[in-house]
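Report on the structure given below.
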Amino acid sequence: MAIAITLTMMSIYILSILSENLYSREQVKMYAKANIIADTLSSYSSLDAAEEEDISRILAGTTVRGIITNSAYMVLVDTAQESDIEGKVFTRDIIKTALSGEQANSLDRDSETGMNTMAVCVPVKHGDTVIGATYLMSSVSDIDLTIKYIQTSLMVFSVLISILVGLLSLGISYIVTAPMDEFINAAKEISKGNFSVRLKVKGRSEMAQMAETLNYMCSELETLDERRKKFVSDASHELKTPLATIKLICDSLVTQEEPDMQVVKEFLGDLSDEVDRLTRVIERLLALTKLDSGNTTAKFESVDIVVMLGTIVRKLTTTADAKEIVFYAELDEENAQPLMLDYDKMWEAIYNIVDNAIKYSPEGGFVRVSLVFEEDKAVVRIEDNGPGIPEEESERIFERFYRLDDSRARDTGGTGLGLAIAREAVIMHGGAIFVEGSEGIGSIFTIELPYVHD
Ligand code: ADP
């Protein structure tokens, strides 16, 4: 629309300038002719006295129709072949103006042919007296035809340009809005919980980058969703197992008519163990939930990690002694630096790993806890000579509910959540946790904690 309006206005402007220019040039030419004739006639003191033949001779050179009137509007000569106005009074506004001493012109439109006729009239003066008027008249059809031709060309040009621009705009708007539609549909699918949607990425435009980002977001959401589903199903399974055992114990007690007190006590002991296991799973699940809410719930404070490790080692010494494990700590107290830690969360993380080392080490084995302060981080190592962890499992053991040897781990009271809790806590502190060591020889768990973190 904007282009069409602009082109129309431009065409009108060009046409008006052009027609004004062409008409005024024609007008100048006609005035020049009329003035030459009027000059020649000015030698007569009265046009009525002049011979008609002489006046006709003077007019003979003009290619346009010429009329000479005397000062009383009477036509003396008319060059038109079949003129019927000679000797008659011929009144026109421009003749009136000329007889009053001024030159004048007019442009009249023939209503039948639609063509314009241009007329100019100049006074014929003898001295200061106006003795008559020279009236020249010419059809300006050439100019009209030229203007009409240019007008048609401009119209055709404007229509073509408008159509072209219209089609281009439609094309461009389609190119721009088509991916937008795709985005909107994808967003609707995501809001319904369908994270498997992917957009086509073509080229390197902003749209393509947005599509890439959306795809990345979807794949992250998909992974999160899968992890959430797996977590819920694993957690339900973990809770169902002790509940099933409790139900079994209760049923077998109920079905015994006169149960032996000793048996009842044993059953109650088993019940208590299962309740303990349930409590442990629930406590660890709660701990994980807290860690999942990230830094928002963290309370970072300056902590002396040497003291923290000392407390953990003291607390677990009894457990290690019970298995006759050589349990000792080597802490670099000299270079100690305070760390910004959430005390409770880090305490639980390290405690879980040291507890595991004792739990999975054989009787009479060894567990060593060491701490060194490097340039930009503190490194805690927990070594044992337990069954070790196969290299291919070294990542998976940090997953929630993942156990290497399911039945053995369950027997040791494991929940499969200790390492997951430890990893979440270490990540929250901007640190890293990994395990090395070979199967059958033992494992080394390493926790790296940077002095400064976000
Ligand atoms: P759990 O409560 O079962 O010990 P964790 O998350 O603490 O759960 O550990 C996950 C699994 O990793 C354990 O089930 C065990 O198979 C393995 N694991 C952890 N620590 C050790 C270790 N020091 N030596 C050998 N295996 C270990």
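Would you check if SER45 is within 20 Å of TYR73 (Cα to Cα), in a helix (DSSP H, G or I), in contact with a strand residue (DSSP E or B) (Cβ under 7 Å, 6 or more places away or on another chain) and in the same structural domain as GLN103 (by TED's automatic domain parsing)? When the stated conditions are applied, SER45 does not pass them.
Residue by residue, here is whether (1) part of a strand (DSSP E or B); (2) at pLDDT 90 or above holds:
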| site | (1), (2) |
| --- | --- |
| LEU59 | no, no |
| ILE85 | no, no |
| THR91 | no, yes |
| THR97 | no, yes |
| SER106 | yes, yes |
| ALA119 | yes, yes |
| PRO123 | yes, yes |
| ILE131 | yes, yes |
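Would you mind stating whether MET346 is under 16 Å from ILE447 (Cα atoms), away from the ligand (no atom under 15 Å from the Cβ) and in a helix (DSSP H, G or I)? Spelling it out, MET346 is indeed under 16 Å from ILE447 (Cα atoms), away from the ligand (no atom under 15 Å from the Cβ) and in a helix (DSSP H, G or I). Filter the range 321-370 down to the residues that are surrounded by 20 or more Cβ atoms within 10 Å (Cβ to Cβ) and polar (S, T, N, Q) and list them by number. ASN352, ASN356, SER361, listed by residue number. Inspection of the range 192-208 identifies at least one residue that is β-branched (Val, Ile, Thr), touching an Asp or Glu at 6+ places or on another chain (Cβ under 7 Å) and not assigned by TED's automatic domain parsing to the domain that holds ALA104.
Filtered by the rule that a residue be of a type in the set (Val, Ile, Thr), exposed (fewer than 12 other Cβ atoms within 10 Å of the Cβ) and modelled with pLDDT under 90, the range 233-285 gives VAL254, THR255.
The condition (being part of a helix (DSSP H, G or I), surrounded by 13 or more Cβ atoms within 10 Å (Cβ to Cβ) and in contact with a Cys (Cβ under 9 Å, 6 or more places away or on another chain)) is satisfied by just one residue among ILE143, ILE190, ILE150, ILE161: ILE190. With respect to the conditions (1) in a loop (DSSP other than H, G, I, E, B); (2) near the ligand (Cβ under 10 Å from one of its atoms), GLY440 lacks only one, and its number is (2). Scanning the range 417-437 for residues that are within 11 Å of the ligand (Cβ to nearest atom), assigned to a loop (DSSP other than H, G, I, E, B) and closer than 25 Å to LEU286 by Cβ yields one hit, LEU417.
With respect to being within 12 Å of the ligand (Cβ to nearest atom) and aliphatic (A, V, I, L, M), ILE358 fits the description. Of all residue pairs spaced 6 or more apart or on separate chains, those with beta-carbon atoms under 6 Å, a first member in the range 206-221 that is over 16 Å from THR177 (Cβ atoms) and a second member that is among the basic types (Lys, Arg) and not in a helix (DSSP H, G or I) are ASN215/ARG198. Cβ-Cβ distances below 8 Å connect the following pairs, each with a first residue in the range 269-285 that is closer than 19 Å to GLU399 by Cα, a second residue that is among the charged types (D, E, K, R), and a separation of six or more residues or different chains: VAL281/GLU238.
Only one of the listed residues (ALA336, ALA322, ALA329) is of a type in the set (A, V, I, L, M) and farther than 20 Å from GLY442 by Cβ. That residue is ALA336. On the basis of being assigned to a strand (DSSP E or B) and either over 29 Å from ARG228 (Cβ atoms) or aromatic (Phe, Trp, Tyr) (or both), does VAL369 make the cut? Yes.
The values are calculated or read from the model by the stated rules, or taken from the named source; none is laboratory data. What you see is a predicted model, and the numbers here were worked out from it, not measured in a lab. Note that each Cβ is placed from the backbone with ideal geometry, even for glycine, and that neighbours are counted across all protein chains shown.
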